[in-house]
1. Taking the beta-carbon count within 10 Å as an exposure proxy, list 66, 43 from fewest neighbours to most.
2. Among all the aspartates and glutamates, which ones have a C-alpha under 17 Å from residue 65's C-alpha, if same-chain residues fewer than 8 places away are not counted?
3. Quick one: check the C-alpha center-to-center distance for the stretch 1-39 versus the stretch 55-72, whole angstrom.
4. Excluding residue 31 itself, what net charge comes from residues whose Cβ is under 13 Å from its Cβ, given Lys and Arg +1 and Asp and Glu -1?
5. Could you calculate the FRET efficiency of residue 23 with residue 58 from 1/(1 + (r/R0)^6), where r is the beta carbon distance between them and R0 is 22 Å, rounded to 0.05?
6. For the modelled label position 7 Å from the Cα of residue 37 along Cα-to-Cβ, which residues of the stretch 8-28 have backbone nitrogen atoms closer than 16 Å?
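Read-outs throughout are calculated quantities, based only on the coordinates presented, and are distinct from any laboratory measurement. The model shown is predicted, which means the values in this text are computed figures rather than measured ones. Positions of Cβ are backbone-derived with ideal geometry, glycine not excepted, and every protein chain shown enters the neighbour counts.
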Amino acid sequence: MRKFSVDRLIDLIGSVMLGLMLTLSLFNVLSSWITKNRYGEVEELVLICFVWVVYIGIGLLYKTKEHISVSFLVQLLPPPRKDRRSCRQSMM
């Protein structure tokens, strides 16, 4: 039996929401093409799913330290400033 993990659950939720986004978008495109009628509610659901997928992705990437960071600005600083910046960054 697999051990329960919050990370796996969040991955699963994000994957399901991404699949739901794809399915709803495809439905809206096909319904627009076949019946010439678009559904605004479907577009709103896709937007809500997109926002949640982005938030879930941000949280997961921040936890694993894979998020985008602007390190080239820190590298341009003189050595004494680099030390203070890394000290402040480690306290957060």
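1. By the 10 Å Cβ count, ascending, the order reads 66, 43.
2. Those aspartates and glutamates meeting the cut-off are 7, 11.
3. 23 Å
4. Residues near residue 31 contribute 0 overall.
5. 0.40
6. Only 27-28 fall inside the zone, counting backbone N under 16 Å.
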